[in-house]
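Right, one structure below, let's go through it.
The values are calculated or read from the model by the stated rules, or taken from the named source; none is laboratory data. Since the model is a prediction, treat every value here as computed from it, not as a measurement. With ideal geometry, Cβ positions are generated from the backbone for all residues, glycine too; neighbour counts draw on all protein chains shown.
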Amino acid sequence: MLWLVSSNKASTKGVLVLAIRTRAFLATILILALCLLPTPVHADAVARGAAANLQDGTYLVPVTLEGGTGRASISSPATVTVEHGEARATIVWSSPHYDYMVVGGQRFLPTNEEGNSTFEIPVPSLDEPLDVVADTTAMSEPHEVSYRITFDTPGATRADSPAEIRLPPVPLLVVAGIAVAALAVPISLRVARALRT
């Protein structure tokens, strides 16, 4: 009888130790599953590094300007709109004294009447510097000045897309959930049986 009681106590103790170890294991699984939960990612981050293969949409692209006397500048980032694979950039100068721009032999007039001169120009390739001419009226006589605009497409961000959430692979979460359930149910039944006896 004494042997049976001590054997029963040892069996219950073994089941309880097993239950504790199982809880630790399940906690580890749950922590790993939580690490795989969706992380909010802004669409800007998704759009970065798109380079020349920007899909149709509106982007904010960092730009640099070279040429002239160095006194003029353009706003950066510039708004670049891609439609049917063709890119157009909105260039905003630091001065209201530019009355036209020449890009690829074509003349473009400002799109605004007040404020700093703003132009919408075609961009044949976002991967290569764009040579342009801008006519300034800031001097005693109008002068055409040559500039080079470089678009930093790896730094482009999507301007027309809200924040979005990228989900981890669904099968991974399903497998983790099934594993936890498969281990938890039989062990809970064993513990319940052991405590009854």
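When only residues in the range 80-99 that are buried (at least 17 other Cβ atoms within 10 Å of the Cβ) and of a type outside the set (Gly, Ala, Ser) count, which is farthest from the chain's Cα centre (by Cα)? Checked the range 80-99; the qualifying residue farthest from the chain's Cα centre (by Cα) is Tyr98. Looking across Thr64, Thr58, one residue alone is loosely packed, with under 14 Cβ neighbours inside 10 Å and in contact (Cβ under 8 Å) with a residue 40 or more places away in the chain. It is Thr64.
In the set (1) within 15 Å of Ser75 (Cβ to Cβ); (2) at pLDDT 95 or above, Val102 fails one condition alone, (1).
If you take the residues in the range 116-135 that are among the small types (Gly, Ala, Ser) and touching a residue at least 40 places away in the same chain (Cβ under 8 Å), which one is surrounded by the most Cβ atoms within 10 Å (Cβ to Cβ)? Explain how you work it out, then say what you get.
Let us first name the residues in the range 116-135 that are among the small types (Gly, Ala, Ser), namely 117, 125, 134.
If we keep only those that are touching a residue at least 40 places away in the same chain (Cβ under 8 Å) too, we end up with 125, 134.
Numbers: Ser125: 11, Ala134: 27.
Filtering first and then ranking leaves Ala134.
Scan the range 107-115 and tell me whether some residue there is touching a residue at least 24 places away in the same chain (Cβ under 8 Å) and either over 16 Å from Asp56 (Cα atoms) or not in a strand (DSSP E or B) (or both). Explain how you work it out, then say what you get.
Taking the range 107-115 as the starting set, the residues that turn out to be touching a residue at least 24 places away in the same chain (Cβ under 8 Å) are none.
Checking the range 107-115: not a single residue is touching a residue at least 24 places away in the same chain (Cβ under 8 Å) and either over 16 Å from Asp56 (Cα atoms) or not in a strand (DSSP E or B) (or both).
The set of residues from the range 103-160 being in contact with a strand residue (DSSP E or B) (Cβ under 7 Å, 6 or more places away or on another chain) and charged (D, E, K, R) comprises Arg107, Glu120, Asp131, Asp135, Glu144, Arg148, Asp152, Arg158, Asp160.
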